[in-house]
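*Asks:* Structure provided below as structure tokens; questions to follow.
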Amino acid sequence: MSTETPVDELTEEDARTELERLADLLAKANTAYHQDDAPEISDAEYDRLKARNAAIEARFPGLKRADSPSDQVGAAPADGFAKVTHAVRMLSLSNVFDDAEVTEFDDRIRRYLGLKADAPLNYTAEPKIDGLSLSLRYEDGTLVQAATRGDGAVGENVTANARTIDDIPVTLTGAPEVLEVRGEVYMSHADFEALNARQTEKGAKTFANPRNAAAGSLRQLDSSITKARPLRFFAYAWGEVSEALADTQMAAIERLAALGFQTNPLTALCDGPAEMQAHYEEIEQQRASLGYDIDGVVYKVNELDLQRRLGFRSTTPRWATAHKFPAELAWTTLEKIEIQVGRTGALSPVARLTPVTVGGVVVSNATLHNEDYIKGRDSKGQEIRGGKDIRVGDWVQVYRAGDVIPKVADVDLSKRPDGTKPYDFPTVCPECGSEAIREEGDAVRRCTGGLICPAQAVEKLKHFVSRAAFDIEGLGAKQVEAFYQLGWIAEPADIFTLKARDKGETKLLKPASEVVASWTGGDGEERAARIEARRELLTTMGVDPLEDFEPALTRISAKPLADIKGWGEKSAENLFQAIDEKRDIPLGRVLFALGIRHVGEQASTLIARSYGRWDDFTRAMDAAKDCEGPDWDNLLAIDGVGEVMARSLVTAFAQDHERQSIDRLTAHLTIQEAAAPATDGSPVAGKTVVFTGTLEKMTRAEAKARAEALGAKVSGSVSAKTDLLVAGPGAGSKAKKAAELGIETIDEDGWLELIGDA
DNA sequence: GTGCCTCGAGTTCC
DNA sequence: CTCGAGGCAC
């Protein structure tokens, strides 16, 4: 291994070979360790190989493999599916619900592309199959991998199961060298009924609907079970392809059909919103007789060139949308209203309902949004549902938004029983007794307890270990909750001392369980009394809640993890290893994990890229704490960061208790420096570009998106920081200012040539 | 100041 | 998945 070339000196070709070698080595090491329980290389060597892999990927992002070891937290557990990183993300679709929104969709696309209202623009329209999406990867015409959607970026490898589905060809003739076919796995009504009949016969549990049956069948670990289940597949899209399938969506679908895939016969070409709407109605009429479930119609811009120009928003393509059928409605009794407390302290009312079937699923909980929704007002004080307030005991209408999230939609006043009272929304946190207040213009009421509120503390911890944050294998929401209740972890830093405490390497000081139990234990009257007492303490006696909280900071585990039910020595060991793996972590993830209000995943990435290093970042936060000065201005200058977010950030770092908690955490971490995305060979990476005047070959939005994809920052006004001005005809003051400042100015063609799109 | 467009936060059930 | 609101362009 001593002959390894330093990462900096690798050529692209070397890197490719090296990544392949590392993927292979690490996969073998994983199998040996996890499945055979016989490690072949030392942990240190394993970590070194993994780090080298990551370093090469960072330098050559384009070479990152679909099976990259950096995306795999250990190998597939022997009892699950391996993770697969999609070469091209599997996205979801935006939705429209009526005629007017179909027209809006068309308008938006025309505006983005700069097309006049009468310019021709075609769309495909096809039924939206209610199943689960699957990505099939063919190399040299052979099915090599089938992966579920997962979160869109990483799915599960279900290749063995996909091979048993008749509609999925195992080999293709005349296909591109690399072809990822995407489509929907589903089960027909007839097959679903028959399967449930067989299940009943066997005394096995039946499925609630065809979708669940299909999902359950595809995720069988034993593919012989999948083989016995009559799954089907419609192809409707593609991921990575080594050569273009066609010029249009329609022709691409026809090509997939020619390759041997089933494509939906109701796929049609429409010349605009009117035809789209007509086809939607046609499909809606046939819905009941199709023999399989559909939940709407999907529209896609037909020209693939236009699709490419339109591109993507963060989770959906701009060039497609789903026109959903109206949601199924059901009526039931509202038995109770409960209040949940979220990470930011938001009090959310949840309706407990007499269970009712809505769209094939039994619903017993539904969201009531917020205080005003219950009162029958929206956030602007406008009446909703005719201003009807919702009361416990009411007969309410429920639907599943997007066929997923249950919501209370309406209330039938004629069925209101006698003696109901308007719901009294709590002004005190039901979890910790702190005051719950509503800020001016805010729709939500929030608990002011901060970390002394057990609900907020737990939710913050859950957020900390969530997928986009620390993503610690084996430490999910459930474990965090349990560990919190046990008093083992009360803040993120505690996660990283678990191992030492578990091994008795640090001394037991005071079990936080005592402190925590005093907040969370008990129920009914006892709990109510305790909360009341606590509220008294906090509000009238002027006790500093943080002093009250202090003893919890000396929390420690009272007994080894292995003594707890369900935690063997091996699982404890695995957990500690998973935690150790995350001590080395990218800056953006740390920022997001802190759960600072208004600072989400995207913002964290942008901020991390802007500051690069943790120390530089905290120094800037300190210097900007009074919301003024150059560091404050720099913060606001970050694209996507406004005053609200900036204030939230600096306040979090300026508050003693919060800062101390953060410092305790970072003492356990090696925070990786963040770099701007390596836009290999991009001539405009890191440059600030301003567009002015009339652009003739692309719209402003398009130009901005394209420039940003190439690593440029697009600004609206010319300043000393501007690197390049792209001026079309009619450019005025900006061009003049650029000339004064001596900033390079080019025209639209010059720009296209520069970025290689001429 | 107004009107997009995104992101952030909260949500259920399997 | 949806709603509300932050950020930014017009």
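*Asks:* For segment A:106-123, which residues satisfy the criterion of being without any contact (Cβ under 8 Å) to a residue 12 or more places away in the chain, away from DNA strand C (no atom under 16 Å from the Cβ) and not acidic (Asp, Glu)?
*Replies:* Within segment A:106-123, A:LEU115, A:LYS116, A:ALA117, A:ALA119 qualify.
*Asks:* Now, a different point. If only one of A:ALA175, A:ALA153, A:ALA125, A:ALA117 is buried (at least 20 other Cβ atoms within 10 Å of the Cβ), within 27 Å of A:ARG313 (Cβ to Cβ) and not acidic (Asp, Glu), which one is it?
*Replies:* Result: A:ALA125 is the single residue among A:ALA175, A:ALA153, A:ALA125, A:ALA117 that is buried (at least 20 other Cβ atoms within 10 Å of the Cβ), within 27 Å of A:ARG313 (Cβ to Cβ) and not acidic (Asp, Glu).
*Asks:* Same structure, new question: So which of A:ALA76, A:ALA66, A:ALA100, A:ALA119 ends up being at pLDDT 80 or above and more than 16 Å from DNA strand B (Cβ to nearest atom)?
*Replies:* On inspection, the qualifying residue turns out to be A:ALA119.
*Asks:* Take the conditions without any contact (Cβ under 8 Å) to a residue 60 or more places away in the chain, in a helix (DSSP H, G or I), more than 30 Å from A:PHE207 (Cα to Cα) and more than 12 Å from DNA strand B (Cβ to nearest atom) and apply them to A:ALA288. Does it pass?
*Replies:* Here the answer is no, as A:ALA288 does not meet what is asked.
*Asks:* Let me ask something else about it. Looking only at residues that are farther than 21 Å from A:PHE496 by Cα and among the polar types (S, T, N, Q) in segment A:572-617, which one is farthest from DNA strand B (Cβ to nearest atom)?
*Replies:* A:SER610
*Asks:* Being assigned by TED's automatic domain parsing to the domain that holds A:TYR373 and touching a helix residue (DSSP H, G or I) at 6+ places or on another chain (Cβ under 9 Å) is the requirement here; does A:VAL458 meet it? Break it down stepwise before answering.
*Replies:* On the way: assigned by TED's automatic domain parsing to the domain that holds A:TYR373: no; touching a helix residue (DSSP H, G or I) at 6+ places or on another chain (Cβ under 9 Å): yes.
In short, no.
*Asks:* Does segment A:429-444 hold any residues that are touching an Asp or Glu at 6+ places or on another chain (Cβ under 8 Å) and either away from DNA strand B (no atom under 13 Å from the Cβ) or not in a loop (DSSP other than H, G, I, E, B) (or both), and which are they?
*Replies:* Once the filter is applied, which keeps residues that are touching an Asp or Glu at 6+ places or on another chain (Cβ under 8 Å) and either away from DNA strand B (no atom under 13 Å from the Cβ) or not in a loop (DSSP other than H, G, I, E, B) (or both), segment A:429-444 yields A:GLY433, A:ARG438.
*Asks:* Taking the condition within 13 Å of DNA strand B (Cβ to nearest atom), surrounded by 16 or more Cβ atoms within 10 Å (Cβ to Cβ), within 23 Å of A:PRO417 (Cα to Cα) and in contact (Cβ under 8 Å) with a residue 12 or more places away in the chain, does A:LEU368 pass?
*Replies:* Numbers: within 13 Å of DNA strand B (Cβ to nearest atom): yes; surrounded by 16 or more Cβ atoms within 10 Å (Cβ to Cβ): yes; within 23 Å of A:PRO417 (Cα to Cα): yes; in contact (Cβ under 8 Å) with a residue 12 or more places away in the chain: yes.
Taking the combined requirement at face value, the residue satisfies it.
*Asks:* Also, I was wondering about something else. Determine if segment A:326-343 includes at least one residue that is of a type outside the set (Asp, Glu), more than 8 Å from DNA strand B (Cβ to nearest atom) and part of a loop (DSSP other than H, G, I, E, B).
*Replies:* Yes, there is a match, as at least one residue in segment A:326-343 is of a type outside the set (Asp, Glu), more than 8 Å from DNA strand B (Cβ to nearest atom) and part of a loop (DSSP other than H, G, I, E, B).
*Asks:* Can you name the number of the only condition in (1) within 16 Å of DNA strand C (Cβ to nearest atom); (2) within 20 Å of A:ASP305 (Cβ to Cβ) that A:ASN95 fails?
*Replies:* Every listed condition holds for A:ASN95 apart from (2).
*Asks:* Take the residues in segment A:404-428 that are part of a loop (DSSP other than H, G, I, E, B) and either among the aliphatic types (A, V, I, L, M) or over 16 Å from A:LEU334 (Cβ atoms) (or both), then tell me which one is nearest to DNA strand C (Cβ to nearest atom).
*Replies:* Ranking the candidates gives A:VAL404 first.
*Asks:* List pairs: first residue in segment A:293-305 and acidic (Asp, Glu), second residue assigned to a strand (DSSP E or B) anywhere in the structure, Cβ distance under 6 angstrom, at least six positions apart or on different chains.
*Replies:* Close Cβ pairs (under 6 Å, with a partner that is assigned to a strand (DSSP E or B)) amount to A:ASP295/A:LYS128; A:GLU303/A:THR248.
*Asks:* Still on this structure, please answer the following. Criterion first (part of a helix (DSSP H, G or I), out of contact with any His (no Cβ under 8 Å at 6 or more places or on another chain) and small (Gly, Ala, Ser)) does A:GLY588 satisfy it?
*Replies:* When the stated conditions are applied, A:GLY588 passes them.
*Asks:* Looking only at segment A:242-266, which residues are touching a helix residue (DSSP H, G or I) at 6+ places or on another chain (Cβ under 9 Å), over 18 Å from A:SER188 (Cβ atoms) and not in a helix (DSSP H, G or I)?
*Replies:* A:ALA244, A:LEU245, A:ALA246, A:ASP247, A:THR248
*Asks:* Also: Got a sec? Which of A:GLU526, A:GLU459 is in a helix (DSSP H, G or I) and modelled with pLDDT under 75?
*Replies:* Going through A:GLU526, A:GLU459 in turn, just one is in a helix (DSSP H, G or I) and modelled with pLDDT under 75: A:GLU526.
*Asks:* Looking at A:TYR399, A:TYR373, which one is within 12 Å of DNA strand C (Cβ to nearest atom), at pLDDT 85 or above and outside any strand (DSSP E or B)?
*Replies:* Only one candidate passes the filter, namely A:TYR373.
*Asks:* Follow-up question, since we're still on this one. Answer with yes or no whether A:PRO406 is within 12 Å of DNA strand B (Cβ to nearest atom) and more than 25 Å from A:ASN95 (Cβ to Cβ).
*Replies:* no
*Asks:* Is there a residue in segment A:604-623 that is touching an Asp or Glu at 6+ places or on another chain (Cβ under 9 Å), of a type in the set (Phe, Trp, Tyr) and within 14 Å of DNA strand C (Cβ to nearest atom)?
*Replies:* no
*Asks:* Here's something else I'd like to know. Looking at segment A:620-651, which of its residues are within 16 Å of DNA strand B (Cβ to nearest atom) and either within 17 Å of A:THR605 (Cβ to Cβ) or part of a loop (DSSP other than H, G, I, E, B) (or both)?
*Replies:* Keep residues of segment A:620-651 that are within 16 Å of DNA strand B (Cβ to nearest atom), which gives A:635-636, A:638-651.
A:LEU635, A:ILE638, A:ASP639, A:GLY640, A:VAL641, A:GLY642, A:MET645, A:ALA646, A:SER648, A:LEU649, listed by residue number.
*Asks:* Same structure again: Go through A:ALA351, A:ALA322 for me and flag whichever is modelled with pLDDT of 85 or more, touching a strand residue (DSSP E or B) at 6+ places or on another chain (Cβ under 7 Å), of a type outside the set (Lys, Arg) and closer than 22 Å to A:ARG211 by Cβ.
*Replies:* Among A:ALA351, A:ALA322, only A:ALA322 is modelled with pLDDT of 85 or more, touching a strand residue (DSSP E or B) at 6+ places or on another chain (Cβ under 7 Å), of a type outside the set (Lys, Arg) and closer than 22 Å to A:ARG211 by Cβ.
The values are calculated or read from the model by the stated rules, or taken from the named source; none is laboratory data. Note that the structure is predicted; figures quoted are calculated from it, not measured. Quick reminder, even Gly has a Cβ in these numbers, built from the backbone with ideal geometry, and neighbours come from all protein chains shown.
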